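> Mind looking over this structure? Questions follow.
The values are calculated or read from the model by the stated rules, or taken from the named source; none is laboratory data. Since this is a predicted model, take the numbers as computed values, not measurements. Backbone-built Cβ (ideal geometry, glycine too); neighbour counts: all protein chains shown. Calculation scope for accessible area: heavy atoms of the full protein, side chains included, ligands and nucleic acids excluded. Shrake-Rupley method; radii C 1.70, N 1.55, O 1.52, S 1.80 Å.
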Amino acid sequence: MYLKIPEQYKSGIEFILNTDDDAVDIIISALRDFPPTAENVIYKISERIVQTQKVDAPTAVKIVDTLVSLRQLNKDEKLSNEAIVILISESLEKDTEFVVTTELRERFRKRLSSLLQALESIAFSLDISDKASNLLIEHERIFSDSRIVTDIRPVFDSETERKVEAAILIHTLKIQYRDIEGIKEFYIALDSDDLDNLYEQITIAIDNRDALGSI
């Protein structure tokens, strides 16, 4: 069986191949110590890895995403971790983008084997996250991140345009979301009444979440 490594996972594979042992050990510890959760597992584990200040955020996400994709081979193709390690290492040697010596190949196999074994410790969270993701992707857009920036704008005297008579608070809400084309964002201007309305709606949603949290 031959597997062509998809472009989106090559950087994660390359990191495992060429990084130092300390970085690999940090990722293994983050996987083994990760508590069960139904939230976005990839990003939550990535955050833990980033907190060590050994790996930056984009790299951490790519590594975890790569490992999770390899786990899918276990589920879809019924491949053992050992078979996956051999398959990926052989694919590396056939890919001209990678330079793999015999020493690097053996080190890569040991590292990937340890990482996949550590990944098994969060199998439950990954399975729950998969089910939740399947429900989410039925929607056209999925929330990714948000931020509110508040600016103070002075109001000058209409005659002299020098004296500040008042100040206006202008709030800008940035919404980041994902769709089939990738990550996008848009901005919305808010006033104080809008903030109160958002707070009320979010509070109601949180209360509903907490009420159903035991289910």
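Conditions tested, residue by residue: (1) assigned to a helix (DSSP H, G or I); (2) open to solvent by 30 Å² or more (accessible area, probe 1.4 Å); (3) over 18 Å from residue 10 (Cα atoms).
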position	(1), (2), (3)
71	yes, no, no
83	yes, yes, yes
87	yes, no, no
97	no, yes, no
103	yes, yes, yes
107	yes, yes, no
115	yes, no, no
119	yes, no, yes
126	yes, no, yes
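> Which condition number does residue 54 fail, the rest of (1) outside any loop (DSSP other than H, G, I, E, B); (2) under 20 Å from the mean Cα position of the chain (by Cα); (3) basic (Lys, Arg) being met?
In the conditions (1) outside any loop (DSSP other than H, G, I, E, B); (2) under 20 Å from the mean Cα position of the chain (by Cα); (3) basic (Lys, Arg), residue 54 misses (1) alone.
> Here is a further query. So is residue 64 aliphatic (A, V, I, L, M), in contact (Cβ under 8 Å) with a residue 12 or more places away in the chain and part of a loop (DSSP other than H, G, I, E, B) or not? If you could, list the steps in order and put the result at the bottom.
Working: aliphatic (A, V, I, L, M): yes; in contact (Cβ under 8 Å) with a residue 12 or more places away in the chain: yes; part of a loop (DSSP other than H, G, I, E, B): no.
Considered against the rule, which asks whether it is aliphatic (A, V, I, L, M), in contact (Cβ under 8 Å) with a residue 12 or more places away in the chain and part of a loop (DSSP other than H, G, I, E, B), residue 64 comes out as no.
> I'm checking my understanding of the structure. Among residues of the range 53-92 that are modelled with pLDDT of 85 or more and of a type in the set (Asp, Glu), which one is farthest from residue 31 (Cα to Cα)?
The qualifying residue farthest from residue 31 (Cα to Cα) is 90.
> Pairs under 7 Å by beta carbon, first residue at pLDDT below 85 in the range 31-52, partner part of a loop (DSSP other than H, G, I, E, B) and open to solvent by 20 Å² or more (accessible area, probe 1.4 Å), six or more apart or different chains?
From the range 31-52, the pairs are 44/37; 45/34.
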